Structures are given as structure tokens and as C-alpha cells.
Amino acid sequence: MTAIAPGTEFLGFRIHQSATASKGSFVGAFDAVESQIVATMDAPKVEAALGMHAAVLEESLNGMTAREIAAKRGWGDTKPAERKAVAAQDAALDALAEVERKLAA
């Protein structure tokens with residue numbers, strides 16, 4: 001048997017299958033594929049409904065801090081600017097909740 005490095009073993013011949021898994025199945029919620037499709041379809045509607053709040057939410061989800069968001073928006077790098085960014089994040093979350101309520105209705 002040919003190995004890549006001394007002491008290794010080729011494992012390509014070992015196959016472990018689940019008796020209950022169907023071809024192409026995956027582990028996850030039973031409706032995960034459908035949920036992803038719906039989320040993808042609703043994304044443009046949600047983004048349009050959020051308006052300028054969408055950018056703040058996206059920056060927050062990308063891991064930016066409130067201080068970084070404030071600096072990016074030109075509000076400065078001070079504590080009051082950071083508070084303004086936190087208020088913008090709160091307003092964006094409120095807007096998102098309102099959009100979700102409208103979509104659910």
C-alpha cells in the first residue's frame with residue numbers, strides 16, 4: 001500500500017453509511033431547505049423595507065462594534081458617537097421586528 005507519509009494509512013476504502021439516510025440527505029431541521037429558499041426569496045423584500053436600517057444590521061452581523069459603525073458613518077470615534085451607533089442598532093432591530101410582523105400577517 002502506498003502512503004503519503006510514513007505511518008499513515010489509506011482510508012478511502014472505509015465507508016460508513018447511515019441506514020436511515022437517503023442519498024443527498026443531510027443532518028439538520030426537516031424543513032431547512034425550504035426555510036433557506038423562503039429566506040432567500042424574502043431577503044430583497046426585507047432589505048427594501050428596512051431601508052437605511054439594513055446597512056446597520058449588516059454591519060452589526062459582520063461583527064463591527066458600535067464604535068466602528070459610528071466611525072464608518074462619520075459620527076466620530078467618541079463615546080457619544082458610540083451611543084448614537086447603539087441607538088441606530090436598536091432602531092434597526094425595531095424596524096426588523098416590524099418588517100417581520102408585516103410579513104407574518
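Every read-out reported here was derived from the displayed coordinates using simple, explicitly stated rules and does not represent laboratory data. All of these numbers come straight from a predicted model, not from anything done at the bench. Here Cβ is always computed from backbone atoms with ideal geometry, including for glycine, and neighbour counts include all displayed protein chains.
Which value, in debye to the nearest 20, gives the size of the charge dipole of region 32-104 about its Cα centre, when Lys and Arg are +1 and Asp and Glu are -1 at the Cβ?
With Lys and Arg at +1 and Asp and Glu at -1, about 300 debye.
A dipole drawn for region 32-104 from +1 and -1 charges on Cβ atoms has a positive end, and of V46, A81, A95 the residue lying farthest that way is A81.
In this structure, Q36 and T65 have a Cβ-Cβ separation that, at R0 = 25 Å, corresponds to a calculated FRET efficiency of about 0.30.
Between R101 and D77, residue separation times 0.36 nm minus the direct Cα-Cα distance comes to 5.2 nm.
Suppose R0 equals 30 Å; then what is the FRET efficiency for E47 and A87 from their Cβ-Cβ distance, rounded to the nearest 0.05? According to the calculation, E is roughly 0.90.
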